[in-house]
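Novice: Questions regarding the structure given below will be posed in turn.
The values are calculated or read from the model by the stated rules, or taken from the named source; none is laboratory data. Bear in mind the structure is a predicted one, so any value in this text is a computation, not a measurement. All Cβ positions, glycine included, derive from the backbone under ideal geometry; neighbour counts span all protein chains shown.
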Amino acid sequence: MLSSRFLSPLPLLLIALLLSACEPPAPDPTVRLAGSTMGTSYDLKLVPTPGQTVAADFKTRVEAMLAGINRQMSTYDPNSELSRFNRNPSTDWIAVSPELLQVVAEGLRTSELSNGAFDITVGPLVNLWGFGPEPRREQVPTDEAIVQTRERVGYWRLQAREQPPALKKERADLYVDLSALAKGYGVDQLAALVETTGIMNYLVSIGGEIRARGHNGQGQPWTIAIEKPVPGQRAVERLIRFGDRSVSTSGDYRNFFEQNGQRYSHVINPRTGRPVLQTLASVTVISDRSMVADATATALMVAGPEQGFQLASEHHLAAFFMLIKPDGFQERYTPEFEPYLAPEQP
Ligand code: FAD
C-alpha cells in the first residue's frame with residue numbers, strides 16, 4: 001500500500017521560481033517570511049521599493065491573521081466557528097461571521113457553476129475516504145457506507161444570507177468543508193495585508209495557492225512552474241508568467257492512497273461518492289482572486305477532461321489541463337490561459 005501526503009511549502013504543483021537575470025544582479029531587496037498554517041506552509045516574498053521597510057512585527061501580524069482564519073474556517077479545529085456550525089443540530093438560520101459567510105457563499109457559487117462537481121457539503125465523503133481531520137485509514141469504504149454518506153451531501157440543502165450574515169441547513173447533519181477554497185481566501189487576505197504596508201510587489205502563497213503582484217526582486221515578472229504530475233518527483237512541465245493574478249492547481253498525485261494497484265485521491269466526485277477517476281492528472285487555474293482560482297481548480301478537476309474543459313471554455317476561464325494518456329501526459333488549455341505561458345525552452 002502506498003500513500004502520499006506532501007506538506008511542503010508548495011505541496012501541489014506550483015514552485016515559485018526567480019528568473020535569473022542576464023546582467024550582474026543588483027542587490028535583491030526581497031524580504032521572505034515563512035511559517036506553518038492550515039496543515040501546510042505559508043510563504044511571503046515582499047519586494048520593498050527604496051525607502052520602504054517591512055516592520056519588525058509584520059510576521060506576527062501575518063500569523064495572527066492566519067490563526068484567525070483557522071479559528072473561523074478549519075474543520076481540523078473542533079472549536080472553530082465552522083466546526084461549531086457543523087455540529088449545530090438546528091435547521092433554523094444560524095448567525096455566522098461575515099468572513100465565514102463570504103467563503104461559504106463563494107463555495108455555493110462554485111457548486112452551482114459546476115453543476116455540483118464542486119460541492120461545499122462533500123466533507124462527509126472526504127472524511128469517509130480518510131482524507132479529512134480523522135487519522136488516515138487508507139482503506140476503500142464499503143458501497144453501503146458510500147451510499148449512506150452520500151445522502152448527507154448536497155449543496156442545495158445549504159442556504160446563505162447576507163443581512164444579517166447567517167447559514168441554514170436543510171438537514172441537521174449537513175457538514176460544510178472549506179478545504180478546497182479557504183486556503184485561497186487566506187492568500188487573498190495575506191495580499192490585502194501586505195498592501196496595507198504600501199508594498200505592491202510581492203508573491204504570497206499558502207500551500208499551492210499563489211497570488212502575485214508587480215515584479216520580483218530583480219524587477220522581472222513573477223514566474224512559477226507547473227510541475228510534472230508525477231508522485232515523488234519535482235520536475236517542471238511548463239513555466240507561467242503572471243502579475244496581479246492568482247494561480248491554483250488541483251491534482252490527484254500528492255494526496256492519495258493505493259489499494260490493489262488503484263489510486264484513490266482526496267478529490268471526490270460527489271455524484272459517485274468516490275475519488276475522481278484517473279483521467280486528469282491536474283488542473284491549473286489563473287484568476288483575479290485566489291479563493292476563486294482555488295475552488296475552480298478543484299471544480300474542473302472533478303468535472304473531468306471533457307465537461308471540465310467545456311465549463312472552462314463557456315465561462316472564459318484561464319485553465320490548463322494535464323490529461324493522463326497511455327503514453328504519458330497531454331496538455332490542453334483555454335485561449336485565456338495562453339498569454340500566461342512562457343515560451344518553451346528549445
Ligand atoms: P484542493 O484541490 O485545493 O482541495 C481538495 C480538498 O477539497 C480535499 O482535500 C477535500 O477536503 C475537498 N474536496 C474534495 N472533493 C471536493 C469536491 N468535489 N468539492 C469541494 N471540495 C472537495 N490539514 C491538516 O492536515 N491539518 C490541519 O491542521 C489543517 N488545517 C486546515 C485549516 C484550514 C482553514 C484549511 C482550509 C485547510 C486545513 N487543512 C489542514 C487541510 C489541508 O491543508 C488540505 O489538505 C487542503 O486544504 C487541501 O487542499 P489542496 O490544495 O491539497 O487541494
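Novice: Would you call T284 assigned to a helix (DSSP H, G or I) and hydroxyl-bearing (S, T, Y)?
Specialist: So T284 does not fit the description; no.
Novice: Name the single residue that is surrounded by the most Cβ atoms within 10 Å (Cβ to Cβ) among those in region 74-90 being without any contact (Cβ under 8 Å) to a residue 12 or more places away in the chain and assigned to a helix (DSSP H, G or I).
Specialist: Per the stated criteria, the residue is S83.
Novice: Is it the case that R241 is within 26 Å of T121 (Cβ to Cβ) and basic (K, R)?
Specialist: Details: within 26 Å of T121 (Cβ to Cβ): no; basic (K, R): yes.
The answer is no for R241.
Novice: Have a look at R157, R211, R241, R245 and point out the one that is outside the structural domain of Q307 (by TED's automatic domain parsing), in contact (Cβ under 8 Å) with a residue 24 or more places away in the chain and basic (K, R). Spell out the reasoning first.
Specialist: Values: R211 fails: outside the structural domain of Q307 (by TED's automatic domain parsing); R241 fails: outside the structural domain of Q307 (by TED's automatic domain parsing); R245 fails: outside the structural domain of Q307 (by TED's automatic domain parsing).
None of the others qualify; the one that does is R157.
Novice: Here's another thing I want to ask about it. Hey, does region 83-105 have a residue that's acidic (D, E) and within 18 Å of the chain's Cα centre (by Cα)?
Specialist: Yes, because at least one residue in region 83-105 is acidic (D, E) and within 18 Å of the chain's Cα centre (by Cα).
Novice: Please indicate, with yes or no, whether at least one residue in region 6-16 is surrounded by 15 or more Cβ atoms within 10 Å (Cβ to Cβ) and either modelled with pLDDT of 65 or more or more than 15 Å from the ligand (Cβ to nearest atom) (or both). Let's see the steps before the verdict.
Specialist: Applying the first criterion (surrounded by 15 or more Cβ atoms within 10 Å (Cβ to Cβ)) to region 6-16 yields 6, 9-16.
Of the ones still in play, those that are also either modelled with pLDDT of 65 or more or more than 15 Å from the ligand (Cβ to nearest atom) (or both) are 16.
Taking every residue of region 6-16 in turn, at least one turns out to be surrounded by 15 or more Cβ atoms within 10 Å (Cβ to Cβ) and either modelled with pLDDT of 65 or more or more than 15 Å from the ligand (Cβ to nearest atom) (or both).
Novice: A further question follows. Anything in region 306-322 that is at negative phi and surrounded by fewer than 18 Cβ atoms within 10 Å (Cβ to Cβ)? List them, or say none.
Specialist: Result: E306, Q307, Q310, S313, E314, H315.
Novice: A follow-up question, please. In region 229-240, what residues are modelled with pLDDT of 80 or more and crowded, with 17+ Cβ neighbours inside 10 Å?
Specialist: E237, R238, L239, I240
Novice: A further question follows. In this structure, does E306 turn out to be away from the ligand (no atom under 16 Å from the Cβ), farther than 25 Å from Y185 by Cα and not in a strand (DSSP E or B)?
Specialist: yes
Novice: Restrict the check to region 20-30 and report whether at least one residue is surrounded by 15 or more Cβ atoms within 10 Å (Cβ to Cβ), within 11 Å of the ligand (Cβ to nearest atom) and at pLDDT 95 or above.
Specialist: No, the conditions are met nowhere in region 20-30.
Novice: Next question. Return yes or no: is R71 in contact with a helix residue (DSSP H, G or I) (Cβ under 8 Å, 6 or more places away or on another chain), surrounded by fewer than 16 Cβ atoms within 10 Å (Cβ to Cβ), without any contact (Cβ under 8 Å) to a residue 40 or more places away in the chain and not in a loop (DSSP other than H, G, I, E, B)? Lay out the reasoning, then the answer.
Specialist: Working: in contact with a helix residue (DSSP H, G or I) (Cβ under 8 Å, 6 or more places away or on another chain): yes; surrounded by fewer than 16 Cβ atoms within 10 Å (Cβ to Cβ): yes; without any contact (Cβ under 8 Å) to a residue 40 or more places away in the chain: yes; not in a loop (DSSP other than H, G, I, E, B): yes.
It is true that R71 is in contact with a helix residue (DSSP H, G or I) (Cβ under 8 Å, 6 or more places away or on another chain), surrounded by fewer than 16 Cβ atoms within 10 Å (Cβ to Cβ), without any contact (Cβ under 8 Å) to a residue 40 or more places away in the chain and not in a loop (DSSP other than H, G, I, E, B).
Novice: Within the bounds of region 128-140, is there any residue that is in contact with a His (Cβ under 8 Å, 6 or more places away or on another chain) and surrounded by 23 or more Cβ atoms within 10 Å (Cβ to Cβ)?
Specialist: Pass one, region 128-140, residues in contact with a His (Cβ under 8 Å, 6 or more places away or on another chain): 129, 131.
So of that shortlist, the ones also surrounded by 23 or more Cβ atoms within 10 Å (Cβ to Cβ) come out as 129, 131.
So far as region 128-140 goes, yes, one or more of its residues are in contact with a His (Cβ under 8 Å, 6 or more places away or on another chain) and surrounded by 23 or more Cβ atoms within 10 Å (Cβ to Cβ).
Novice: So T110 fits all but one of (1) assigned to a helix (DSSP H, G or I); (2) free of Cβ contacts under 8 Å to residues at least 24 places away in the same chain; what number is the exception?
Specialist: (2)
Novice: Looking for whichever is free of Cβ contacts under 8 Å to residues at least 40 places away in the same chain and in contact with a helix residue (DSSP H, G or I) (Cβ under 8 Å, 6 or more places away or on another chain) here; the options are V292, V285, V230, V302. Which one fits?
Specialist: Step by step, each of V292, V285, V230, V302 is checked, and only V285 is free of Cβ contacts under 8 Å to residues at least 40 places away in the same chain and in contact with a helix residue (DSSP H, G or I) (Cβ under 8 Å, 6 or more places away or on another chain).
To keep it simple, each residue is scored yes or no on (1) surrounded by 12 or more Cβ atoms within 10 Å (Cβ to Cβ); (2) under 30 Å from D288 (Cβ atoms).
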residue: I146; (1), (2): yes, no
residue: A160; (1), (2): yes, yes
residue: Q163; (1), (2): no, yes
residue: R171; (1), (2): yes, no
residue: L190; (1), (2): yes, yes
residue: L193; (1), (2): yes, yes
residue: N201; (1), (2): yes, yes
